[in-house]
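The structure appears below as structure tokens.
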Amino acid sequence: MRAFIGIDIGEKAIEQIVRFQETLKNYTVKGRWTYKDNFHITLKFLGEIEVEVISKIEEAVKVAVKGISPFYIRLSEVGFFKGDKEMRVLWIGTEESEFLNKLHHNIDKELYKIGFAKDERKFTSHITIARDIRLKIGIEEINNLFAKEEKNDILVDEIFLYESAVYGNIRKYIPLFGVPLK
């Protein structure tokens, strides 16, 4: 199964992002919009894993979160990862967070101990809102639109292992376990 470690962003942030997606659709030539049930922040992509390793992943995550209490993050700005002709991924980032960076670092370190590769790229906390998108306006104008949006705090109080599965042409992220922050 394909899996990743991530954070659920809560209903208020989901509602805000859905409203922003609706605004952006007026400025879009084409693209694939992320379904609201799939909004999350990925802490570590694991790729294909076997069911037998899930308990080891859970133990590693429990070690990684020790000493990290629940904390808040806030959405910041819109960014993108480049593709050939379009923006491959359009995302909303979060403000810099010492706690979020520590959480990512600890998870990366603990999962490395059980055989997962360390992340090569710098961690960019984000929520994917669209893929393969072509817009009528530039990223600066998109950020001007986003600056007008209300931004609620997002409570980070649990970390999940998600399975990424496709059911009838629809990708769904299914939580397999959660580890609370204390």
log₁₀ of I(q)/I(0) at q = 0.12, 0.14 Å⁻¹ - region 56-123, Debye sum with one point per alpha carbon: -0.44, -0.58
With 5 Å bins from 0: P(r) over the chain, alpha-carbon pairs, percent: 1, 7, 17, 20, 19, 16, 11, 6, 2, 0
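Only helical DSSP H runs with n ≥ 4 go in: add -39500 (n - 2.57) per run for the chain, normalise by residue count and round the 222 nm mean residue ellipticity to 500 deg cm²/dmol.
On the way: 4 runs with 52 residues, N = 182.
The per-residue figure over the chain is -9000 deg cm²/dmol.
How big is the C-alpha Rg of region 26-72 next to the rule-of-thumb value 2.2 N^0.38 Å, as a ratio? Write out the running numbers ahead of the final one.
Working: Rg = 16.7 Å, N = 47, 2.2 N^0.38 = 9.5 Å.
Ratio of Cα Rg to 2.2 N^0.38 Å: 1.76.
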Which listed pairs, of K12/K118; K25/K151; K66/K113; K12/K44; K66/K122; K12/K172, have C-alpha distances above 26 Å, in listed order: K12/K118
Stretchable slack from V166 to K30, in nm (0.36 nm times residue separation minus alpha-carbon distance): 46.7 nm
Within region 38-182: Cβ-based charge dipole about Cα centre, in debye rounded to nearest 20 (Lys, Arg +1; Asp, Glu -1): 180 debye
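Under 8 Å for C-alpha pairs, at least 6 residues apart: give me the relative contact order for region 2-180, rounded to a whole percent.
36 percent
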Within region 102-138, trypsin sites (Lys or Arg not before Pro) in DSSP loop having at most 13 other beta-carbon neighbours inside 10 Å: K118, R121, K122, K136
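FYI, it's all coordinate maths here, none of it is from the lab. Note that the structure is a prediction, hence the values are computed from the model and not measured. For neighbour counting, all protein chains shown are included, and Cβ atoms are generated from backbone atoms with ideal geometry for every residue, glycine included.
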